[in-house]
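J.: One structure coming up, written as structure tokens, with questions to follow.
Each reported figure results from applying straightforward, stated rules to the coordinates on display, with no laboratory input. Since this is a predicted model, take the numbers as computed values, not measurements. Neighbour counts run over all protein chains shown; Cβ positions are idealised from the backbone, glycine included.
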Amino acid sequence: MFGDPGHAYVYMIYGFYFCLNVVTERAGYPAAVLIRAVEPLENVEVMRRLRHHPERDTNIASGPGKLCMAMSIDKQLNGADLLGNTMWIEDRGLDPDVIETSPRVGIDYAGEYKDKPWRFFAADNPHVSRVRFKSLL
């Protein structure tokens, strides 16, 4: 998280699951965005196999640990350049008007920050992780 912006910060939680973050600030300043879920659009059968064949497609990558399992993201990708050839983020033309916000998930310990609308997601997308909240915008 202290690395260069535009790079992956991958870490393990609960001793089992990896999480993917995008570093967002200058090197040395700890700031990143957790990628909580993706909608599988390509290589869905590979992702399904890596996730041990979930019953529904909406369960393939609908959480940070599931996402990393489905996309084979592990500690080896920590520090990867997200503009590189191994792993990248690309604009698929999502209409910005469908993006909603809500409080973050699972951070009851965060005091005054737990209710901040720092979670962004595509409204009505069934692949969004966990409970969908009403927009605060």
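J.: Kirkwood Rh and Cα-based Rg: tell me the resulting Rg over Rh for region 1-88, rounded to two decimals.
T.: 1.00
J.: Additional query: What's the ranking of 20-27, 84-91 by average number of surrounding C-beta atoms within 10 Å, highest first?
T.: Highest to lowest by the protection proxy: 20-27, 84-91.
J.: Could you list the chymotrypsin sites (Phe, Trp or Tyr not before Pro) in region 1-74 that lie in coil according to DSSP, counting only those with at most 15 other Cβ atoms within 10 Å of their Cβ?
T.: Sparse-neighbourhood loop chymotrypsin sites (Phe, Trp or Tyr not before Pro): Phe2, Tyr14, Phe16.
J.: Quick one: Cα centre-to-centre distance for region 37-102 and region 8-30, in angstrom?
T.: Measuring centre to centre over Cα atoms gives 15 Å.
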